[in-house]
Amino acid sequence: MASSQLRVSQISAENLSDASDLPTEERFAALEASLSARKNSHLDSALPPGLARRVVAQMVATARPVRGRLTVKSERGSIFLDVSLRLENTASGFRLVTVDAKEISFVLEVDANERATLKFDTNYVGLEISKALRLAHFWHALSGQEGILCLDRLGPDEEKFELARLPLPTDPSVKSAEEDRIRFLEVLDEVSKATNTEFIYPSEIEDEDLKSLNRVLKVTRGGWIALPITDFTTPMNSEGVQNVLDLAIQRGEVFNGLAVTATWERHKIFGTWVDLGPSVRHISKARLATPPSEMEEWLASRSDSDSSFDIRWVPVNEAWIYVVYHEWPKPSLQAIREDIREFEEEYGRDSNEFRRAWESDEEWTREIKDADVWLTLLDAEHHLKSGA
């Protein structure tokens, strides 16, 4: 098999041009791009007047803030938030409110007729992801499951109050949006722990951030990723450029079984870079799009030995790039062989026969649907067997 091994110093998202017509569900397998970062969550519920007045009287014995704890108890377990509370007078009564807590606002309000209302609001922007996830789970526990909401006074004399039966009434669209937020936060928390990277909940959530997050998630879970692209570039030093130039002169502009080794790769997620480490990129067939004359001119004119030159490639027959990452779990060789076997059984051809026919550009290979996937699997099998 005619193949070429190239080594480059780095690969980043800018080196790859995604296929623009790829369906949204393929590009965002883990996340939806419609998630709103700025939208806060709100809950309110009426309480028995006598209970509200008793809570206020017992919780606030002095003018100073009181340490408290909000706890949701249900069959699934319990979850709590510690809060600091103080009493405030209002035009129509009084209220118990949280102090110095930007991420949550808990209000127990009583009017002159002793009608009481409980309000709970959240603000995630600027929080560490682990804290934001805990807050989202607490909000979901208030609105999404049966249980009891309790308020504890933690000192100086501890006392517990059962405030309300759960779930609290919630607009279905708000509840659905908060469930989407939890899934988003769980993915971000998983990536944060896997890559040892700290994320802060963003003020804006852009498609590019979700695309990068989804890609990193796939890598940390499976150790590989397949990418549909329109073109890609490889930054190369003088030795690499000369190697490509020599091969192009010998074999022509189309390279079969191209393997590009990258020493590191990183992606930007909400302003934070995530490094995925070294990788090997396989593509079944790619055409050299940079004219040899430009490479020769660069080799002749370069003055800095550490400089690099970007060589552009275009996949042949919409071939995908298959990337294996050294520092993450490798895909199962057995699973890949099972997928290859399915292709062989469906088309009644041996993989070696198919590979030779493809490289010879025999007409019957162009009639095979997803031929590039078959070739990608063969490249992956070779890579895993070699232990690269």
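The values are calculated or read from the model by the stated rules, or taken from the named source; none is laboratory data. Everything numeric here is computed off the predicted structure, so don't read it as measured data. Ideal geometry is used to build each Cβ from the backbone, glycine not excepted, and the neighbour counts take in all protein chains shown.
General remarks:
- In the stretch 106-153, the residues that are surrounded by fewer than 20 Cβ atoms within 10 Å (Cβ to Cβ) and of a type in the set (D, E): D111, E114, D121, E128, E146, D152
- Residue that is farthest from I321 (Cα to Cα) [pool: residues in the stretch 198-237 that are hydroxyl-bearing (S, T, Y) and in contact with a Phe, Trp or Tyr (Cβ under 8 Å, 6 or more places away or on another chain)]: Y201
- Residue list for the stretch 341-369, filter: surrounded by 17 or more Cβ atoms within 10 Å (Cβ to Cβ), within 23 Å of G252 (Cα to Cα) and among the polar types (S, T, N, Q): T365
- Among the residues of the stretch 85-107, those that are modelled with pLDDT of 85 or more and closer than 25 Å to R181 by Cβ comprise V97, T98, K102, E103, I104, S105, F106, V107.
- Any hit, the stretch 319-333, residues being at pLDDT below 90, more than 25 Å from A194 (Cβ to Cβ) and under 26 Å from the mean Cα position of the chain (by Cα): yes
- Annotation: of all residues in the stretch 202-245 being within 12 Å of L276 (Cα to Cα) and among the hydroxyl-bearing types (S, T, Y), the one that is nearest to the chain's Cα centre (by Cα) is S212.
- For the stretch 356-384, taking the residues that are charged (D, E, K, R) and touching a helix residue (DSSP H, G or I) at 6+ places or on another chain (Cβ under 7 Å), the one that is modelled with the lowest pLDDT is identified as D372.
- Residue in the stretch 299-318 that is surrounded by 15 or more Cβ atoms within 10 Å (Cβ to Cβ) and more than 27 Å from P228 (Cβ to Cβ) present: yes
- Of all residues in the stretch 292-301, at least one satisfies being in contact (Cβ under 8 Å) with a residue 60 or more places away in the chain, in the same structural domain as L378 (by TED's automatic domain parsing) and touching a helix residue (DSSP H, G or I) at 6+ places or on another chain (Cβ under 7 Å).
- For the stretch 79-122, the tally of residues that are small (G, A, S) and over 20 Å from W139 (Cβ atoms) stands at 5.
- Residues in the stretch 165-179 that are more than 16 Å from R134 (Cβ to Cβ), touching a residue at least 12 places away in the same chain (Cβ under 8 Å) and surrounded by fewer than 20 Cβ atoms within 10 Å (Cβ to Cβ): 7 in all.
- All helices (runs of 4 or more DSSP H) inside the stretch 284-388 with 2 or more residues being among the small types (G, A, S): 292-301, 351-359, 371-386
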